[in-house]
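Just below is one structure, and these are the notes that go with it.
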Amino acid sequence: MAGDIPGKLTDSAGRTGTIGLLKTLNRDELLEVLSQGFCQHCEALLEERIHQLLNKRGSESGSESTVTSNNTLSNPVTGKQLARTSPPPPAANSDILLNDGLGGSGSTSSDNGLSEEQKEHIRFSQVVRKKDFVHMEKINGKSMNVLKGLELHTKVFNAEEQKKIVECVYNLQRMGQKGQLRDRTYSEPRKWMRGKGRVTIQFGCCYNYAVDKKGNPPGILREEEVDPLPPLFKQMIKRMVRWHVLPTMCVPNSCIVNIYDEGDCIPPHIDHHDFLRPFCTVSFLTQCNILFGSSLKIVSPGEFSGPVSIPLPVGSVLILNGNGADIAKHCVPAVPGKRISITFRRMDESKLPYKFLPDPELSRIKPFIVSPSSAPQGHHQKPVINSSFVKAIIQQNQHRNDQVIKDKPDREATKTTKNDSFLCGNDDFPPLGKASKGASRR
């Protein structure tokens, strides 16, 4: 399932294809085939289908024979215990929720006496949106707010969701190190200098940071193929569009994951116009600062200076649009600890990879509808929630989120060596398709 099967497969009855062959196998042979393991995407799809079948069987027969004593289901393929879920009502839009954050993982619509829509409304109302960034500079003799178009949305992803996303990223990194991702998807260059050599993982398209050995200029390499967006990343996109963080007319169809060690950085740049505006960056693990300005300077290896520094809290989404994306450069100085960022962007239609296929799942996202009384009316303003019951739920949820962050061990923190020289050139961004010496290639 993870790759193409060479040759033409035909079963004994003359039926062609993998499905035809599977139909010729008995139960034990099927279990043997399914027990060999799958790539991450196929396993997620298989698990989703198992859930659907088990829910369908439960609704039709009312039988509890497959439910274990702790109210979980056993995946017959992997043996992993799966949370028993009930089919959500179509109007709840719960398929786009990573975790409602109020009733814990696997919560049903009856938890806390609130429906999925009510719980989503509470989460939506807690998002803090800052859109009033201002820094005036002289550009071509005219005074201009070079930060116009920047937005910072915090509390978009709670602690439990962040943990799930981070675990997904580390799993993707392990897949890349084992050669289980496409060659141009995963890049892990040698760390030859402080600030150089962060790990990158690209989905949707292969972006070339600098002129490569073949003479290709910076931009999307249309003839190259990378892996498609992982299912969890599509859930993140749905969340951001539905919660009015990203507009419906610019739904991302590509992304790049940056995995930073302590001391890693991103030098000053403006994102290529092969990607439309707006685009966004989601931050995880460690809060860091991002610098903005029409002129940013290199101070020392991994260190830069600029007129504006904006903190990026974990779980926050920074939107870059307008002057903030096209006039002001931005950079991330050496980070203080392990950090992960995921930058979601939509490709220009004229720059799409030749074999790119639109994902229908991302074409049907509808923004969350709120009443005028509950919609944010200004920066840092939130709807007033009068119910003491709902307030208690929010406080309980916040306490749990804080505890998850407090208890989470920092196993991944690493140290990098210092170097006296720092060159700003083609090596500022990692070359594509190169992994560490220990990584095997497919």
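Which whole-Hz ³J(HN,Hα) couplings does region 165-179 yield from phi under the Karplus relation 6.51 cos²θ - 1.76 cosθ + 1.60, θ = phi - 60°, glycine and proline marked x?
5, 4, 4, 5, 4, 5, 5, 5, 4, 4, 4, x, 5, 8, x
Rank-order 262-273, 357-368, 176-187 by packing density, defined as the average count of other C-beta atoms within 10 Å over each peptide's residues, highest first. Before the final figure, lay out the partial values.
On the way: 262-273: 18.3, 357-368: 12.1, 176-187: 20.4.
In descending order of packing, they fall as 176-187, 262-273, 357-368.
On average, how much accessible surface per residue is there in region 142-362, in Å², for a 1.4 Å probe, leaving out ligands, DNA and RNA? Spell out each step's value before the answer.
Numbers: 7920 Å² over 221 residues.
Per residue, region 142-362 has 36 Å² of solvent-accessible surface.
Stick to Cα atoms and the Kirkwood definition of Rh, then tell me Rg/Rh for region 142-362. Intermediate results must be reported in sequence, preceding the final value.
Numbers: Rg = 16.6 Å, Rh = 17.9 Å.
In region 142-362, Rg relative to Rh is 0.93.
Once amide H atoms are built 1.01 Å from N in the peptide plane, which residues 5 or more positions from CYS205, or in another chain, come under 5 Å H to H?
For CYS205, whose amide H was placed from the backbone, the distant partners under 5 Å are CYS255.
Sort ILE259, ILE139 by accessible area with a 1.4 Å probe, largest first. Write out the running numbers ahead of the final one.
Details: ILE259 5, ILE139 30 Å².
Order by accessible area, largest first: ILE139, ILE259.
Taking just the alpha carbons, could you work out the radius of gyration and Dmax for region 217-337, both in angstroms?
Over region 217-337's Cα set, Rg and Dmax evaluate to 15.1, 41 Å.
First check a/c for region 260-330, with a ≥ b ≥ c the square roots of the eigenvalues of its C-alpha gyration tensor; if it is under 1.5, answer rounded, and if not, answer prolate when a/b is larger than b/c or oblate otherwise. It would help to have the intermediate numbers written out before the result.
Details: a/c = 1.74, a/b = 1.12, b/c = 1.55.
Oblate is the answer for region 260-330, as a/c is 1.5 or above yet b/c matches or exceeds a/b.
With a 1.4 Å probe and every protein chain kept in, tell me what percent of the accessible surface of region 142-362 is carbon plus sulfur.
Numbers: 4020 of 7920 Å².
Carbon and sulfur: 51 percent of the exposed surface of region 142-362.
Can you pull the accessible area of VAL134 for me, 1.4 Å probe, Å² to the nearest 10?
Its heavy atoms expose roughly 100 Å² to the probe.
The values are calculated or read from the model by the stated rules, or taken from the named source; none is laboratory data. Keep in mind the model is a prediction, meaning the values are calculated, not measured. Glycine also receives a Cβ, built like all others from the backbone with ideal geometry; neighbour counts cover every protein chain displayed. For accessibility, only protein heavy atoms count, side chains too; no ligands or nucleic acids. Shrake-Rupley method; radii C 1.70, N 1.55, O 1.52, S 1.80 Å.
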